[in-house]
Amino acid sequence: MELTSKNADRRPTGPAAKPRLTRRRFLTTGVGVVGLSATATAAYAGAIEPLGLKVTPYALTPPGWRAGHKLTVTVIADLHAGGPDMLLPHIREVIDTANSLHSDLIVLLGDFKAWYKFKTEPVADQDWAAELARLHAPLGTWAILGNHDWWHDLEGVRSALAAVQIPLLENDVVLIGETGQRFWLAGLGDQLARWVAPGHFQGVDDLPGTMAKINTDDPVLLLAHEPDIFPKVPQRVALTLAGHTHGGQIRVPFLWRHYVPSRYGARYAYGHVIEDDRHLIVSGGLGTSIIPARLGVPPEIVHITLGA
């Protein structure tokens with residue numbers, strides 16, 4: 001309501017009066033704040049969070065693992081090397097941080113290169129592979145392949161890893177460690193390797209065939225790019241390690257359910273999952289897929305202590 005000459009003498013003479021908060025002013029201001037907030041959030045998700053890095057620790061002694069057998073494992077998943085968010089400086093930071101953990105074993109869970117239309121700059125195979133070659137652990141660095149490796153440049157990724165002598169486990173196993181502390185490391189072929197039709201893929205994974213190669217009663221660690229295999233994993237496996245989901249990659253609390261590329265929705269989206277005394281750890285990964293943004297799921301290296 002406006003002041004007229006009739007009541008002009010009622011104008012405040014002290015400090016300036018606060019403007020009246022009308023419904024229109026409230027809505028206009030609210031829209032502005034929401035717009036500013038959305039812009040700031042988008043900027044953070046695209047330019048800040050993907051360039052971060054954290055180490056996520058887990059300590060457990062799952063059934064099937066020897067009590068007192070301490071083993072430390074560093075997990076690097078979904079590197080997706082390429083710009084804008086996983087260029088060589090960031091990759092070097094990942095490798096330096098991983099080495100600083102001084103783990104007994106390092107595993108790489110696939111998806112080594114970025115493949116999306118928003119990629120601003122490639123990282124040459126020899127460059128990201130040379131960084132991975134700097135990883136060191138007493139029990140070695142071992143790798144599996146992911147769906148993007150199969151879909152986009154299978155031979156290139158295989159050749160890059162072979163050139164720096166990082167062994168691939170594809171439906172294969174290796175017995176590692178000294179007598180009394182040995183364990184099997186098993187690696188599956190990818191579950192989404194071959195495109196069949198929109199939304200349908202044929203895997204090259206062979207869990208029964210892989211398990212059949214295990215011929216002692218030593219504990220088993222299983223590497224699988226996608227966590228969807230977990231319902232089929234037998235109790236013989238002490239721990240399954242997976243990536244692929246990026247933890248949903250974009251997670252906005254209270255607004256919408258985060259997207260997880262899994263037939264099980266958020267069941268195996270992220271973190272430590274226990275079902276029927278079987279244990280799974282899903283890494284949120286490092287790079288990005290589809291769009292170069294992360295929100296609520298910063299890039300991570302997983303560090304696991306077994307038998308602690």
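The values are calculated or read from the model by the stated rules, or taken from the named source; none is laboratory data. Predicted model, so just to flag it, every value in this text is computed and none were measured. Note: ideal-geometry Cβ built from the backbone for every residue, glycine included; neighbour counts use all protein chains shown. Only protein heavy atoms, including side chains, enter the accessible area calculation; ligands, DNA and RNA are left aside. Shrake-Rupley method; radii C 1.70, N 1.55, O 1.52, S 1.80 Å.
Take residues that are modelled with pLDDT of 95 or more and of a type in the set (Asp, Glu) and tell me which of the strands (runs of 3 or more DSSP E) falling wholly in region 76-182 contain 1 or more.
In region 76-182, the matching strands (runs of 3 or more DSSP E) lie at 172-176.
Look at residue 29 and say whether it is open to solvent by 70 Å² or more (accessible area, probe 1.4 Å), polar (S, T, N, Q) and at pLDDT below 50.
Values: open to solvent by 70 Å² or more (accessible area, probe 1.4 Å): yes; polar (S, T, N, Q): yes; at pLDDT below 50: yes.
Taking the combined requirement at face value, the residue satisfies it.
State which residue is surrounded by the most Cβ atoms within 10 Å (Cβ to Cβ) when the search covers only region 59-105 and only residues that are more than 18 Å from the chain's Cα centre (by Cα) and β-branched (Val, Ile, Thr).
72
Take residue 56 and decide whether it is in a helix (DSSP H, G or I), more than 18 Å from residue 181 (Cα to Cα), touching a residue at least 60 places away in the same chain (Cβ under 8 Å) and open to solvent by less than 70 Å² (accessible area, probe 1.4 Å).
Working: in a helix (DSSP H, G or I): no; more than 18 Å from residue 181 (Cα to Cα): yes; touching a residue at least 60 places away in the same chain (Cβ under 8 Å): yes; open to solvent by less than 70 Å² (accessible area, probe 1.4 Å): yes.
So residue 56 fails the test.
Among the candidates 150, 128, which residue alone is among the aromatic types (Phe, Trp, Tyr), in contact with a strand residue (DSSP E or B) (Cβ under 8 Å, 6 or more places away or on another chain), surrounded by 19 or more Cβ atoms within 10 Å (Cβ to Cβ) and closer than 12 Å to residue 190 by Cβ?
None of the others qualify; the one that does is 150.
Can you name every residue in region 181-199 that is touching a residue at least 12 places away in the same chain (Cβ under 8 Å) and more than 22 Å from residue 155 (Cα to Cα)? Even if it seems obvious, please write down each step before you answer.
First, the residues of region 181-199 that are touching a residue at least 12 places away in the same chain (Cβ under 8 Å): 181-195.
Across region 181-199, the qualifying residues are 181, 182, 183, 184, 185.
Looking only at region 183-212, which residues are part of a loop (DSSP other than H, G, I, E, B) and of a type in the set (D, E, K, R)?
First, the residues of region 183-212 that are part of a loop (DSSP other than H, G, I, E, B): 188-193, 198-199, 203-206, 212.
If the condition is that a residue be part of a loop (DSSP other than H, G, I, E, B) and of a type in the set (D, E, K, R), then 190, 205, 206 are the ones that fit.
Just to be sure, is residue 196 among the aliphatic types (A, V, I, L, M) and either within 19 Å of residue 150 (Cα to Cα) or touching a helix residue (DSSP H, G or I) at 6+ places or on another chain (Cβ under 7 Å) (or both)?
On the way: among the aliphatic types (A, V, I, L, M): yes; either within 19 Å of residue 150 (Cα to Cα) or touching a helix residue (DSSP H, G or I) at 6+ places or on another chain (Cβ under 7 Å) (or both): yes.
Answer is yes for this residue.
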